[in-house]
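Read through the structure below, which is laid out as C-alpha cells, and then see the notes.
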Amino acid sequence: MSERYDVAVIGGGPAGLSAALNLVRARRRVLLIDSNRPRNSATLLSHGYLTRDGISPLELRKLGREEFLGYEGAEHRQTVATDVRAVDGGFEIACEFRGQESSALAEVVLVTTGLAETLPDIGQLRAFYGTHVHSCIECDGYGKRDEPLALIGEHPDLTERALLLSQWTDDLIVFTNGSDVVSSRDEAALAARGIRVDRRRVASIAGDRHGMQGVVLEDGTLVPRTGGFVRPEWSAALDYVASTGAALDPDGLLVVDGHGRTSVPGLYAAGESTAPGPQQLIVAAGDGARVAAVINRDLIGGLEHLADAVQ
C-alpha cells in the first residue's frame, strides 16, 4: 500500500525546500521527493542568498532538508519521480532510484524539479565549469569583476547577456562558436561599449590546476582569458508528469496561472519548471513559499465548501 500525504513536493532545490518547509509548518503531511543531484552541483559557491552568501549549493540544500525534517509531518525520500498520474482523491507518484521502486499517494503535487542544462561541446569546458566558467551572470558576475572574460554561446540572447556582463568587466570578448546569433547591428552596438565579437569556432578551454588561461579556437589561436561565462541550452525534464496531461508552453515548461496552478486541478509548479532560464536561488525560494501559501489555502477550501458542509 502506498502511503498518503497531503502534498508531495517533487524537487529539493530552493523552490521545493521553501515550499515544503512552509507547508509542513502549516501542519500538512508533506513528502519531499529529491535525488539530491542539483543542476548547479558543479558550482562551489552560491551567491545572492540572504544570510547564506558564499555557501555551497549542496550545503544549502542539506541545511534546508534538516530544517524541513525538524517538523512533525515531514518526510524526505532520496529518489526520482518517474510518473505522476491522477487517481481518485489526488495523485499517485511512482519513483525509482538505483533499482529501488516506491510509490506514494498525495492529494496535491507540487513540481519544482527545475531545469537540466546541456553545455556546448567544447574541450575542457567541464573541467573549468563552476570554478572559472559559469552560466549565471547575476550569481557569479561579481566574483569575476575586472577580469578579462569570455562569453561563449550559440543562443539569440548572447548580445543581451554580453551587455549585462559589461557591468562587471570592461574586457569582454563574445565567442559565438561559429554561429550567427549576433547580428552586425548588435556587433556594432557591442563594439561601442568596447566588447569584441569573435565568430570563430571554439575548440577548448586552456588552463591547468592554477586556473584558466584562455580560449583555444579551432584554428589554434589562444585568446588569453582568466574566466568566463557560457550560455547552456536549458530544458525541463518533465516527462514524469506527461500522464496528467498538464499543458506545457513552447519551451516545454509547465503553464501556470499567477498562483502556481497548472491546467490540472491539484497539480502545481514553482521555480524553474515554470520560467524560462535559471532563477537566482533566492528568487526560486520566494516562488516556492508563495505557491505553498496558495496550496494551503486551496486545501482548506473557500466559503463555498463551508456552505456545502452545512447543507
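A few points about this structure:
- The C-beta contact set for region 222-238 (first residue touching a residue at least 12 places away in the same chain (Cβ under 8 Å) and β-branched (Val, Ile, Thr), second residue in a strand (DSSP E or B) and surrounded by 18 or more Cβ atoms within 10 Å (Cβ to Cβ), distance under 6 angstrom, 6+ apart or interchain) comprises 223/214; 223/215; 226/212; 230/133; 230/152.
- Restricting region 265-275 to residues that are touching a strand residue (DSSP E or B) at 6+ places or on another chain (Cβ under 7 Å) and not small (Gly, Ala, Ser), the residue that is farthest from residue 297 (Cα to Cα): 274
- Scanning region 1-24 for residues that are touching a residue at least 40 places away in the same chain (Cβ under 8 Å) and assigned to a loop (DSSP other than H, G, I, E, B) gives 2, 11, 12, 13.
- Among (1) touching a residue at least 40 places away in the same chain (Cβ under 8 Å); (2) not in a strand (DSSP E or B) - the single one residue 170 does not satisfy: (1)
- Qualifying residue in region 84-99 (condition: surrounded by 19 or more Cβ atoms within 10 Å (Cβ to Cβ), in the same structural domain as residue 36 (by TED's automatic domain parsing), touching a Gly at 6+ places or on another chain (Cβ under 8 Å) and under 24 Å from residue 301 (Cβ atoms)): yes
- Residue selected from region 166-188 under the condition within 23 Å of residue 235 (Cα to Cα) and touching a strand residue (DSSP E or B) at 6+ places or on another chain (Cβ under 6 Å), by the criterion surrounded by the fewest Cβ atoms within 10 Å (Cβ to Cβ): 182
- Looking across region 109-163 at every residue that is touching a helix residue (DSSP H, G or I) at 6+ places or on another chain (Cβ under 9 Å) and of a type in the set (Val, Ile, Thr), the one that is surrounded by the fewest Cβ atoms within 10 Å (Cβ to Cβ) is identified as 137.
- Residue under evaluation residue 251, criteria (1) in contact with a strand residue (DSSP E or B) (Cβ under 7 Å, 6 or more places away or on another chain); (2) within 30 Å of residue 82 (Cα to Cα), criterion not met: (1)
- Looking across 27, 37, one residue alone is in a loop (DSSP other than H, G, I, E, B), in the same structural domain as residue 110 (by TED's automatic domain parsing) and at pLDDT 95 or above. It is 27.
- Near pairs, Cβ below 7 angstrom, 6+ apart or cross-chain, from region 136-157 (in the same structural domain as residue 172 (by TED's automatic domain parsing) and more than 19 Å from residue 182 (Cβ to Cβ)) to any residue that is charged (D, E, K, R) and surrounded by fewer than 17 Cβ atoms within 10 Å (Cβ to Cβ): 148/171
- Scan of region 82-98 for residues that are of a type in the set (Gly, Ala, Ser) and in a strand (DSSP E or B), ordered by number: 86, 90, 94
- Subset of region 36-95 [farther than 30 Å from residue 137 by Cβ, free of Cβ contacts under 8 Å to residues at least 12 places away in the same chain and in contact with a strand residue (DSSP E or B) (Cβ under 9 Å, 6 or more places away or on another chain)]: 69
The values are calculated or read from the model by the stated rules, or taken from the named source; none is laboratory data. Quantities reported herein were computed from a predicted structural model and do not represent experimental measurements. Cβ sites come from the backbone with ideal geometry, for glycine too, and all protein chains shown count toward neighbours.
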